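The values are calculated or read from the model by the stated rules, or taken from the named source; none is laboratory data. What you are looking at is a predicted structure, and each value in this text was computed from that prediction instead of being measured. Counting neighbours? That spans all protein chains shown, and the Cβs are built from the backbone with ideal geometry, glycine included.
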Amino acid sequence: MSVYRGLLFSVLGLCFCVSCSTENDFTDDQYVRLLSSKIQIDTNGQKTVQLQFEVAEGYHIMTNEVSEDNFITTKLTLSSNEAIQFGIPRFSEAVVHYLEGVEQPLMVFEGVFSVTLPFRTTAAILPDLEGELYYQACDKGKCFFPRELGIVCKD
């Protein structure tokens, strides 16, 4: 039995699609929305959840690593418990953005970006994944107060 399981994992990466939703689509209060999500198990048994987000046109958000102390980083957190523990999120590559009045270019997320989050679980059935994306959106002229985008993923 384990030979077949190993063969299956070596030939195919296992992929489970989960249905995720956010509290809001683009509204006056949110500038980011969740586009898609999937859970993958690679040939070594490493489990990840991949989330794809979209930033509203005309806006950008700060990355997960910022160059200035006064910029607010983007953070993804999903709730861990005794059945599931999450590792450090890996964000997709940022784009260069030039802001008027600032000498150094900024690294930001615009359009579509993704976050991959490794996890371990002892559960036979994956529990619902809940969390939030914390971000600060900006347009050409100003930055807005930070926002929290609620995320719920169901198997």
The residue that is surrounded by the most Cβ atoms within 10 Å (Cβ to Cβ), considering only those in the stretch 65-77 that are polar (S, T, N, Q) and at pLDDT below 90, is 67
Flagged in the stretch 101-133 as in contact (Cβ under 8 Å) with a residue 12 or more places away in the chain, surrounded by fewer than 16 Cβ atoms within 10 Å (Cβ to Cβ) and more than 21 Å from residue 41 (Cβ to Cβ), in numbering order, are 104, 111, 112
Going through the stretch 47-94 in order, the residues found to be within 30 Å of residue 124 (Cβ to Cβ) and among the polar types (S, T, N, Q) are 48, 50, 52, 77, 79, 80, 81, 85
The residue that is modelled with the lowest pLDDT, considering only those in the stretch 78-95 that are exposed (fewer than 10 other Cβ atoms within 10 Å of the Cβ) and more than 17 Å from residue 48 (Cα to Cα), is 82
Among residues of the stretch 5-53 being under 12 Å from the mean Cα position of the chain (by Cα) and of a type in the set (D, E, K, R), the residue modelled with the lowest pLDDT is 38
